[in-house]
1. I need the strands (runs of 3 or more DSSP E) fully contained in segment 380-454, keeping only those with at least 2 residues that are buried (at least 22 other Cβ atoms within 10 Å of the Cβ).
2. Which numbered condition in (1) open to solvent by less than 10 Å² (accessible area, probe 1.4 Å); (2) more than 13 Å from the ligand (Cβ to nearest atom); (3) in a loop (DSSP other than H, G, I, E, B) is the only one that ALA271 fails?
3. Got at least one residue in segment 318-329 being in contact with a helix residue (DSSP H, G or I) (Cβ under 6 Å, 6 or more places away or on another chain), surrounded by 22 or more Cβ atoms within 10 Å (Cβ to Cβ), on the phi < 0 side of the Ramachandran plot and not small (Gly, Ala, Ser)?
4. If SER313 satisfies all but one of (1) on the phi > 0 side of the Ramachandran plot; (2) surrounded by 15 or more Cβ atoms within 10 Å (Cβ to Cβ), what's the number of the condition it fails?
5. When both residues are 6+ apart or on different chains and their Cβ atoms are under 7 Å apart, which pairs have a first residue that lies in segment 494-507 and is under 18 Å from SER348 (Cα atoms) and open to solvent by 40 Å² or more (accessible area, probe 1.4 Å), and a second that is within 12 Å of the ligand (Cβ to nearest atom) and polar (S, T, N, Q)?
6. Restricting to segment 534-575, give me the number of residues that are within 19 Å of PHE253 (Cα to Cα) and within 16 Å of the ligand (Cβ to nearest atom).
7. Those residues that are more than 10 Å from the ligand (Cβ to nearest atom), in contact (Cβ under 8 Å) with a residue 12 or more places away in the chain and not aliphatic (A, V, I, L, M), I need them from segment 308-335; list them, please.
Amino acid sequence: MPPDEATQFDGTIDASKQIMETDRLNDSERNDEQAFPKLSDEQIDSIRPFGREVELPAKTCVFKRGDKSTDFFVVLRGAIDILSTDCHGGKQLLVTHEPRSFTGELSFFNNQKIFADGFTSTPSRLLRVHWKDFRRMLMVESDLATLILRAFIRRRLALIGHNFFGVFLIGPAEFPDTLRIHQFLLRVGFPHTWVRPEDKGDDGRTVQEILSLKLSDLPVVQVAEGRSLKNPSLTELASELGFLEEFPGDETFDVAVVGAGPAGLAAAVGAASEGLDTIVFEAGAPGGQAGTSSRIENYLGFPHGISGQELASLAQIQAEKFGARFAVATPVAVVRRNKSQEFEITLSDGKVVRARTMIVASGATYRKLDVPGYQQFEGRGIHYAATPMEAQLCKGEEVVVVGGGNSAGQAAVYLSQTVSKVHMLVRSQSLSSTMSDYLIQRIQASSKIQVYYETEVTSLSGKQILEQVEWTCFSTKQCSKKPLRTLFVMIGANPNTDWLKGCVTLNEKGFVVTGKTMAGNPYETEEPGLFAVGDVRADSVKRVASAVGEGAVVISWIHRYLAEFRAKREGGRRAA
Ligand SMILES: Cc1cc2nc3c(=O)[nH]c(=O)nc-3n(C[C@H](O)[C@H](O)[C@H](O)COP(=O)(O)OP(=O)(O)OC[C@H]3O[C@@H](n4cnc5c(N)ncnc54)[C@H](O)[C@@H]3O)c2cc1C
């Protein structure tokens, strides 16, 4: 909203000020110098060439909840109040930007809808930077970019969990759809408050009664005053929150990345930082499989480990800083080539986007067990790999390995060197048809490995982490229950390649075959300009570090392909 239009606030501000002390950010959040730094004269001077000074009366709206592409303001004189809205439409003062402070948080930066209002609280002089110039400024002024980005990230962290910010999710914990939406909001880092319908208000009535909600309507996401979504799909929710990209029909990207796991995120950072026009499509939330890991300890540079979610959100911000665009909750449905040799990418909602090259980074989904409560222990006792790191975690303990293939066999043999006992659960009557003989012999020779045939996990339990595993032999019905903290599930992974069928060669397990072209490019498929990296690629090492490495390296091949593509097109034009 252009501040020059001088939208006057309707007066609710007075009511909000009465309750501000309880609802605004707390003292330590407000006084966090990294979240709310004061700019020096020199820093303000370096912003000036990108903006212009505006003089505004008190109570002028400078941006409002729901706006996108909002301008950036530095307060030179006066102040800007930032107000959030509660689920009844009441306004709360979150913070006041005083002279030398600047507006914004992560949604300013990635062009999502903002979820707060900004009003001048007194007559004010502001330095206003148009959002397009703001992007340019971040590219040119790197020290300033670091300061602003750090502030935006810290503000977002302060706002996550703040009761009067973002959206309200109202739903019972035992409804899987409540957890589905909660998990999405967590993984995209969107500020929200989860309210249980049975929670009571001051008058003793439950939230469900106060809001007149039927149990069959739940979960409900309240996105703004008077606007609720009943059990929305992730795409609906993402659209409402402004996560979905709008694509003008005439745009052709240099690179379209499919999947925002570690491989796709690395490709996006590499491509955008090298000036390529980059779009990333992600079916769910960024992070992929790694996003489900509570601590990745074998990734370079993080000696204390890093959660997959944190790694992914920092990588996304990094890619966005260089100009990459993200469409989350946007699965790619089909790809085909048009006459101009560009890729036409059809999204699940039917929209078509064009790109000159494509990077398939859609990963794989580890097969999971169909056991109640399984999801809650993923990354909290359930593992899909047995590396030295996992072996260290369960050293001296008893563990369970599920699976009868080579990966399960290797894991059992490897773990038997450090754990006290491996309980190996196999669905079939023997290992001979599914496992290499040398592994079978080692398993039989080991006093630490006990194989249970025709057996499957029947229950898991624990509070925060896995504490107990129960398994049952389905022929004898014999059941064992043990206090165990570690379960290795090694029953294979399914590549996310259904959307690619008929378009590229897949191996017998459905992974994308690369590296067969004359050019000797290890990541290119038989379809020129179509590359695959990370777990989705046949023969890749299924690890975060290798996925990131492949995503980064493939960009040099993209440059080569684009240079040839342009040269051919120029040649064609000259010949015509
Ligand atoms: C619980 C768990 C813990 C792990 N821990 C570790 C660890 O500690 N260390 C380690 O090195 N490795 C670990 N791994 C393995 C590691 O996470 C993977 O090797 C890595 O995530 C692979 O990255 P990727 O980008 O290739 O694929 P993925 O991480 O699988 O990401 C692929 C992305 O593509 C998206 N996608 C799929 N289809 C489409 C479509 N049609 N359109 C748009 N988007 C699509 C998916 O939603 C997903 O976000 C772990 C895996 C799991 C499951």
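The values are calculated or read from the model by the stated rules, or taken from the named source; none is laboratory data. Please read these numbers as outputs of a predicted model, since none were measured by experiment. In this analysis, Cβ positions are derived from the backbone assuming ideal geometry, glycine residues included, and neighbour counts consider all displayed protein chains. Just so you know, the surface numbers come from the protein's heavy atoms only, side chains and all, with ligands and any DNA or RNA stripped out. Shrake-Rupley method; radii C 1.70, N 1.55, O 1.52, S 1.80 Å.
1. Values: elements: 398-402, 421-425, 449-452.
Ranges flagged: 398-402, 421-425.
2. (3)
3. To start, the set of residues in segment 318-329 that are in contact with a helix residue (DSSP H, G or I) (Cβ under 6 Å, 6 or more places away or on another chain) comprises 318-319, 322-324, 328-329.
Checking the rest, the ones that are also surrounded by 22 or more Cβ atoms within 10 Å (Cβ to Cβ) come to 319, 324, 328-329.
If we keep only those that are on the phi < 0 side of the Ramachandran plot as well, we get 319, 324, 328.
Remaining after also requiring not small (Gly, Ala, Ser): 328.
Yes, some residue in segment 318-329 is in contact with a helix residue (DSSP H, G or I) (Cβ under 6 Å, 6 or more places away or on another chain), surrounded by 22 or more Cβ atoms within 10 Å (Cβ to Cβ), on the phi < 0 side of the Ramachandran plot and not small (Gly, Ala, Ser).
4. Single failed check for SER313: (1).
5. Listed by first residue and then by second, the contacts come to ASN496/SER362; ASN496/THR365.
6. Filtering segment 534-575 down to residues within 19 Å of PHE253 (Cα to Cα) leaves 551-552, 554-570.
Now drop any that are not within 16 Å of the ligand (Cβ to nearest atom), which leaves 551-552, 554-555.
Residues meeting the conditions: 4.
7. GLN309, SER313, GLN316, GLN318, GLU320, LYS321, PHE322, GLY323, ARG325, PHE326
Table: residues versus (1) of a type in the set (Ser, Thr, Tyr); (2) at pLDDT 95 or above; (3) assigned by TED's automatic domain parsing to the domain that holds ALA315; (4) more than 25 Å from GLU33 (Cα to Cα).
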| position | (1), (2), (3), (4) |
| --- | --- |
| ILE47 | no, yes, no, no |
| ALA58 | no, yes, no, yes |
| CYS87 | no, no, no, yes |
| GLN92 | no, no, no, no |
| PHE108 | no, no, no, no |
| ASN111 | no, no, no, no |
| ASP117 | no, no, no, no |
| LEU138 | no, no, no, no |
